[in-house]
1. Along the Cα→Cβ direction, 7 angstrom out, place labels at Ser30 and Ser155. What is the inter-label distance in nm?
2. Fewest to most neighbouring Cβ within 10 Å: what's the order for Leu174, Leu224?
3. Please rank Ser142, Ser197, Ser180, fewest neighbouring Cβ atoms within 10 Å first, as an exposure proxy.
4. Once you order the gyration tensor axes a ≥ b ≥ c over the Cα atoms, which shape class does region 154-226 get: rounded for a/c under 1.5, otherwise prolate or oblate by comparing a/b with b/c?
5. I need the calculated FRET efficiency for the pair Lys184 and Asn54, taking r as the beta carbon distance and R₀ as 25 Å, to the nearest 0.05.
6. Select from region 150-228 those GluC sites (Glu not before Pro) which occupy a DSSP coil region and have at most 16 other Cβ atoms within 10 Å, ordered by residue number.
7. Test of understanding: what is the full-extension gain from Ser197 to Leu23, defined as 0.36 nm times their sequence separation minus their Cα-Cα distance?
8. Sort region 17-88 into rounded, prolate or oblate with this rule: let a ≥ b ≥ c be the square roots of the eigenvalues of the Cα gyration tensor; rounded if a/c is under 1.5, and if a/c is not under 1.5, prolate when a/b is larger than b/c, oblate otherwise.
Amino acid sequence: MTDWPWILKNRLRTSIQWIQLELAVKRVLSQIHGDTFIDIGANIGLYSTLLRKNFNKIVAVEPNPYTFSVLNQRTRRYRNITTMNIAMSDSDGTAPLFVSPPLRRRLRTVKWFYYSKLGFIGFPGSDSLLENHPGGQTNLGSISVKTNCFDNIFSTLITDLVKMDVEGGEFRVLAGMHQSLERKRIRNLLIEIHDNSRRDELESILSSKMDLLWIDSNHILGRLRSDN
């Protein structure tokens, strides 16, 4: 028997909170336009497709091979979106990706994440390069994925927007884009932080080059300072 009171209290409330957070992020990112957008931790392409008209070129980066196949299906009609099946990190090689329940199971059990104002069907994923996810999510095991650094792949680009949602691996990704940040080649950087105890550390990394705005308790936007 379906326990609707429990679902409404626990699941629906969580989904509404997530939707409200994503709406705030959506409003801010929708105001950014330019030539290139790098979507790190693209999942099934929610933001890549949402912002497809804002940028001439979008690169959607997703390490999970199953999620990547869905990402390809969802973005293949858009000529300005290319995809990469790799995990952004601080080194070139391979690493275990600790995976959450398969996408199909999540789609069956969290259908309430659909919300018309968002313009997409979404759900929070929790695949991570960290075995112990900062948010406490459990995983079903790990798969081996390729890793590389932002500086290795995108060193020649001036990027108008980078969005990073990597489930606790954000500091590894930042270490791998150190040169791009130092050379002021990233104009806007949106990061979802998954360990709030490291907020000050994150600000210290970004503040020397960027003006910072906390959109909410988990999302920070850095904008290249105009005097740089």
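Nothing in this text is a laboratory measurement; each read-out follows from the coordinates by a stated rule. Note that the structure is predicted; figures quoted are calculated from it, not measured. Glycine gets a Cβ as well: all are built from the backbone with ideal geometry, and neighbour counts include every protein chain shown.
1. Roughly 3.9 nm, to one decimal.
2. Leu224, Leu174
3. Ordered from fewest to most neighbouring Cβ atoms within 10 Å, Ser142, Ser197, Ser180 come out as Ser197, Ser142, Ser180.
4. Taking the square roots of the gyration eigenvalues as a ≥ b ≥ c, region 154-226 is prolate.
5. Efficiency, rounded to the nearest 0.05: 0.75.
6. Of the GluC sites (Glu not before Pro), not one in the loops of region 150-228 has a Cβ with at most 16 other Cβ atoms within 10 Å.
7. 60.2 nm
8. Since a/c reaches 1.5 but b/c is at least a/b, the shape of region 17-88 is classed as oblate.
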